[in-house]
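Step one of this worksheet: look at the structure below.
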Amino acid sequence: MKTTHIVSRVLFYFTRFLSVVYFGLASYSLLTLITGWSLTFKDGGKYFQVCYPFTTHPVMLGDYNLPYILFDFLAPLSLYGLFFLLSSNVFKLFYQPKLFTQNGIQHLRRFYLSNLLIPSIVLFIAFFFVPLDNEVSIFIVLHGMLGVFAYFLAAIFKQGLNLQNEQDLFI
């Protein structure tokens, strides 16, 4: 179990770091798109470049139209920030002193619901505004499978909590 604690702690910090990076990129990109600070344009305003602060070196590129910016640029950045945040909360469960808790079940529930519902909802809304690549459907299926797996894990944790509570009553 010691290996599980170490691996889960490393994955917790790694996914939490990725969450901060994705949310930071989404926030910074939104700030630059709203204010025009560190934003440059190419091909007569057809493409935009979000540049590193105080430079003209681009860090993010995209088409300069509102549907693209919302659904193909800002939504994936912020939703993957959310995904990594929820993932880090799941990894945090495995190095806690008590494995089966109501809080842990809630983290797993949030994780599986977000993986099952959010990608499909965003895809459905985006379908009306932007053309979708075939790769997007692969990501939807992968998140769906991950959501189902997390659902089963949540059911196991719920059963473990029930057994743990029953055991506490007998002692």
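The values are calculated or read from the model by the stated rules, or taken from the named source; none is laboratory data. Computed from a predicted model, the values in this text were never measured in an experiment. Here the Cβ positions follow ideal geometry from the backbone for every residue, glycine too, while neighbour counts run over all protein chains shown. Heavy atoms of the whole protein, side chains included, go into the accessibility calculation; ligands, DNA and RNA do not. Shrake-Rupley method; radii C 1.70, N 1.55, O 1.52, S 1.80 Å.
Of all residues in region 112-130, none satisfies being in contact (Cβ under 8 Å) with a residue 60 or more places away in the chain, in a helix (DSSP H, G or I) and in contact with a helix residue (DSSP H, G or I) (Cβ under 6 Å, 6 or more places away or on another chain). Annotation: of all residues in region 63-73 being buried (at least 17 other Cβ atoms within 10 Å of the Cβ) and closer than 15 Å to Leu39 by Cα, the one that is nearest to the chain's Cα centre (by Cα) is Phe73.
Going through (1) closer than 27 Å to Leu132 by Cβ; (2) at pLDDT 95 or above one by one, Gly44 falls short only on (2).
Matching residues to (1) open to solvent by less than 40 Å² (accessible area, probe 1.4 Å); (2) closer than 25 Å to Val21 by Cα; (3) in contact with a Ser or Thr (Cβ under 6 Å, 6 or more places away or on another chain):
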site	(1), (2), (3)
Tyr80	no, yes, no
Ile138	no, yes, no
Gly147	yes, yes, no
Asn162	no, no, no
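Within region 157-168, residues that are assigned to a helix (DSSP H, G or I) sit with their Cβ atoms under 7 Å from residues that are loosely packed, with under 15 Cβ neighbours inside 10 Å, at 6+ positions apart or across chains, in these pairs: Leu161/Gln102.
Against the numbered list (1) in contact (Cβ under 8 Å) with a residue 40 or more places away in the chain; (2) part of a helix (DSSP H, G or I); (3) closer than 30 Å to Lys2 by Cα; (4) open to solvent by less than 40 Å² (accessible area, probe 1.4 Å), Lys92 comes up short only at (4).
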